[in-house]
Amino acid sequence: MCASVFARAKTDTRAPLERPRYLRGAYIMNHKKLLLTLTLCLCALLCMVVTASASEVSVHSHLICKGTTCTDPAHASHNDVTFEKAITMNDNGVLCIGGTEAQKYDGQNYDYILQEGIYYLDGDLILHGGIQVSGNVTLCLNGHTISNNYSHVIQTPWNKDVTFTLCDCKGGGKIAHAENSSSTGMGVNLNNTSGKQQIFVMYNGCITQNKGSGVYLYQNTSFTMYGGSITKNNVDGDFGGGVYVHNGATFTMYGGDITKNKADYGGGVSTSGDTANFTMYGGSITENHANKSGGGIYSTSNNISIYGGSVTNNSVTKTGKAGGIYVSSSDTLTVGGNVNISGNWKGDSEESGSKNNVYLNGNTSGTSAAIVIEKELTGEEPIGVTTANAPTAGNPVTIVTGNSIKEAYKKASFQADNAAYGVSYDGTNKVLQLHAHTGGTATCKAEAVCTTCGQPYGNINPNNHALVHHEAKAPTCTAKGWEAYDTCSRCDYTTKVEIPMAAHTYGTPTYVWAADNASCTATRTCTACQHVENETVNTQKQVTQNRSCTLNELSTFTATFTNPAFVQQIRENVTTADMTGHSYGAVSYTWATDNTNCKAEHKCTACQHVENETVNTQKQVTQNRSCTLNELSTFTATFTNTAFARQTKENVTTADMTGHTYSATEWESNVDNHWHECSVCHTQIDKAEHNWKDATYTAPKTCTVCGATQGEPLTRSYYYYAPSAAENKKDSPKTADPGVLLYAGLALASLTGLACTAKKRH
């Protein structure tokens, strides 16, 4: 399909092409620059419209990006397709298009001009007046609302060719009157009185809550609806709550919903004037209401065709006509394809009202509206029909005409809204007729069958039974009895009167308690038939002793039965909860002064019960004492009660240091110093240099403090030799004797040494 004919690039200066407007088998296009390929596509589409069945609904792509839907990946945002400008409002409430204030219509302050282009809303618009579209305009609501508190929301100039295309790429967008507006006006108003061509195409979006027709079409205008909704519009005392097609206008519906609209005539759609056209291929017209005629559709144009879609659950007041579709005198309703016209009604409510689907009006001249079958009907629901002229058994009323009528249509496709009438086929005149049912006999199970059309009618006869007699039976303790009675073989009618069963003879009841005493079952058995009667009840529990640290919870359980044959049962002093046990607080630990034992103690927070344990500690020396160190030990208390933690005291002094042991008279020394030394740890004290006394000829150098010595005693400075008498006589040295010289040298050396020593000391 070539439905995306409105698309153009942002740089394209050519005017966008228009969609065709269908008019009873022909189409009109107002654009002068048609491409050959587009012409071929539209011609093909024309053929489909002319020959469409009810299942053939126009398939279209997104009008701008050509994606399958508005949510197609090809349509990621308005910025990456050919939407040209955003429409918003400035801080002063002035409409702005692409950042520029919109043009006003002839200087008026309530109508803004929307020039030819492709636009999208960038926020909600609350207008004092409406928007007038001029030329070829495509508008995406983009999830936002245009609301108006004066006159029409969207309208066209009376003297220009206009194509207005509406879509909503995000969903939720609306064209509506302001919530508190008291003025009347249309949602979209096409009012052409100059012979120009004006077209409105709706893909999606919502036209709602207008105090006038949702869409108004007048003279040489057309509306094609592919989707979206027209809902909750209210026309006070006028025509066409949803869509009003008037005097030469054309409305073609392929999809979307027209719902919950109100008017005096045509709550959903109204057509008037001989040249007004409404063709429906799909979508739904539902839950609309008319005060006088045509809850779903009101037609006085003789140009209404329905080839698909549904007209359902519409209504008219109980004094009005046509809950579904009103067809005026001498007019026709053309149908074919998958059509659903059902569930429409007349009255205060659907429950209290009556079926009223297609109402065929008649006049005093004897003419009446009719239905024409243009092609095969494939809808699952039959079309309900009501006629202004009441049929009789001898004077039926024609409801359907046309060469394609089959006898099968009388049951499969049409039915009378009033069950008193039936549909029959006149093979001679090839018409379907409504006639009053006649003949047949009603039974207790089925209505009478009309001898004319073979359809059931009327009510059943509750007294027309096929009786079967039954003998009496006496009761026993296991089965009821009955008196003699009659039944109907066709229905559930019976005169049976039952006799209650005889009473059982029960033995002594037994009682079985549940393991948790929460229930008790009483049982007794009939001694005659072994029938068992029992009852299980939940028991009532009453605590007679609350549990504590040392006491269990005790309770009494009582089972009370509804059957008076069973005696109340009681169980007392049942333990239902064990004692809680003590709940101790924090543990305190008390050590003996010598750390030889430790006492642990804690107290119950509930009853103040005291639990304690005293244990001897284990001592371990961790540091032996010495001249300078105390003895250190660790004490460990280990309890048998697991509630008490092992306690430890570390680095406790258990013996003082011994101190040093010195000898006052004994010195230790080395070459330079002397000192006293501890005999245990060998610590040195009183250390000092020696106080030397010079050596003598009898003693070496000696310390006057410790007595230490150093060196040797002094030697003499001469050598004395006394020869014996013999030697003196015999070997006495002579002058120049070498021995004499030796002795003289030695004597001189000794004297020199003594002189040096004396000089040093002094």
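Here GLU483 clears all of (1) buried (at least 17 other Cβ atoms within 10 Å of the Cβ); (2) out of contact with any helix residue (DSSP H, G or I) (no Cβ under 9 Å at 6 or more places or on another chain); (3) touching a residue at least 12 places away in the same chain (Cβ under 8 Å) except the condition numbered (1). Selection of the stretch 538-573 for residues being closer than 14 Å to ALA514 by Cα and either in the same structural domain as GLN608 (by TED's automatic domain parsing) or in contact with a Phe, Trp or Tyr (Cβ under 9 Å, 6 or more places away or on another chain) (or both) yields THR539, GLN540, LYS541, PHE557, ALA559, GLN569, ILE570, ARG571. Confirm whether THR392 is among the β-branched types (Val, Ile, Thr) and either crowded, with 16+ Cβ neighbours inside 10 Å or assigned by TED's automatic domain parsing to the domain that holds CYS491 (or both). So THR392 fails the test. Restricting the stretch 411-429 to residues that are more than 52 Å from the chain's Cα centre (by Cα) and part of a strand (DSSP E or B), the residue that is farthest from ASN344 (Cα to Cα) is ASP426. Total residues in the stretch 598-617 satisfying the condition of being within 58 Å of the chain's Cα centre (by Cα) and basic (Lys, Arg): the figure is 1. Within the stretch 230-258, being over 19 Å from VAL358 (Cβ atoms) and within 36 Å of the chain's Cα centre (by Cα) holds for ILE230, THR231, LYS232, ASN233, ASN234, TYR254, GLY255, GLY256, ASP257. Within the stretch 673-692, being modelled with pLDDT under 90 and either assigned by TED's automatic domain parsing to the domain that holds LEU629 or of a type in the set (D, E, K, R) (or both) holds for GLU677, ASP686, LYS687.
Taking the condition surrounded by fewer than 12 Cβ atoms within 10 Å (Cβ to Cβ), assigned to a loop (DSSP other than H, G, I, E, B) and touching an Asp or Glu at 6+ places or on another chain (Cβ under 8 Å), does ASN459 pass? Walk me through how you get there before you give the answer.
Details: surrounded by fewer than 12 Cβ atoms within 10 Å (Cβ to Cβ): yes; assigned to a loop (DSSP other than H, G, I, E, B): yes; touching an Asp or Glu at 6+ places or on another chain (Cβ under 8 Å): yes.
Against the criterion (surrounded by fewer than 12 Cβ atoms within 10 Å (Cβ to Cβ), assigned to a loop (DSSP other than H, G, I, E, B) and touching an Asp or Glu at 6+ places or on another chain (Cβ under 8 Å)), ASN459 qualifies.
Each row is one residue, and each column tells you yes or no for (1) in contact (Cβ under 8 Å) with a residue 12 or more places away in the chain; (2) part of a loop (DSSP other than H, G, I, E, B); (3) over 24 Å from SER293 (Cβ atoms); (4) among the polar types (S, T, N, Q).
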position: GLU376; (1), (2), (3), (4): yes, no, yes, no
position: THR392; (1), (2), (3), (4): yes, yes, yes, yes
position: VAL400; (1), (2), (3), (4): yes, no, no, no
position: ILE405; (1), (2), (3), (4): yes, yes, yes, no
position: GLY454; (1), (2), (3), (4): no, yes, yes, no
position: HIS469; (1), (2), (3), (4): yes, no, yes, no
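Scanning the stretch 551-592 for residues that are surrounded by fewer than 16 Cβ atoms within 10 Å (Cβ to Cβ), in contact with a His (Cβ under 8 Å, 6 or more places away or on another chain), in a loop (DSSP other than H, G, I, E, B) and of a type outside the set (A, V, I, L, M, F, W, C) yields a single hit, GLY585.
Taking the criterion of being of a type in the set (S, T, N, Q) and either part of a strand (DSSP E or B) or free of Cβ contacts under 8 Å to residues at least 40 places away in the same chain (or both), the residues of the stretch 240-272 that qualify are ASN247, THR250, THR252, THR259, SER270, THR271, SER272.
Per-residue answers, yes or no, for (1) touching a Gly at 6+ places or on another chain (Cβ under 8 Å); (2) not hydroxyl-bearing (Ser, Thr, Tyr):
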site	(1), (2)
ALA390	no, yes
TYR409	no, no
ASP417	yes, yes
SER424	no, no
VAL431	no, yes
CYS453	yes, yes
HIS469	no, yes
THR476	no, no
CYS491	no, yes
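Restricting the stretch 618-640 to residues that are at pLDDT below 95 and assigned to a loop (DSSP other than H, G, I, E, B), the residue that is surrounded by the fewest Cβ atoms within 10 Å (Cβ to Cβ) is ASN624. Cβ-Cβ contacts under 8 Å between residues 6 or more apart (or on different chains), taken from a first residue in the stretch 156-170 that is in contact (Cβ under 8 Å) with a residue 24 or more places away in the chain to a second residue that is buried (at least 19 other Cβ atoms within 10 Å of the Cβ) and of a type in the set (Lys, Arg), are listed as THR163/ARG19; THR165/ARG19.
Strands (runs of 3 or more DSSP E) fully within the stretch 648-720 that include at least 1 residues being surrounded by 13 or more Cβ atoms within 10 Å (Cβ to Cβ), in contact with a His (Cβ under 9 Å, 6 or more places away or on another chain) and among the hydrophobic types (A, V, I, L, M, F, W, C): 701-703.
Residues considered: ASN288, ASN303, ASN314, ASN277. Of these, the only one that is modelled with pLDDT of 95 or more, out of contact with any helix residue (DSSP H, G or I) (no Cβ under 6 Å at 6 or more places or on another chain), more than 20 Å from GLY227 (Cβ to Cβ) and among the polar types (S, T, N, Q) is ASN314.
Of ALA263, ALA276, all but one fail to be hydrophobic (A, V, I, L, M, F, W, C) and within 23 Å of SER151 (Cβ to Cβ); the exception is ALA263. Can you pull out every residue in the stretch 254-280 that is closer than 17 Å to ASN302 by Cα and surrounded by 21 or more Cβ atoms within 10 Å (Cβ to Cβ)? Across the stretch 254-280, the qualifying residues are TYR265, GLY266, VAL269, SER270, THR271, ALA276, ASN277, PHE278, THR279, MET280.
The values are calculated or read from the model by the stated rules, or taken from the named source; none is laboratory data. Here the structure is a predicted model, which is why all the values come from computation and not from measurement. Reconstructed Cβ throughout: ideal geometry from the backbone, glycine too, with neighbour counts over all protein chains shown.
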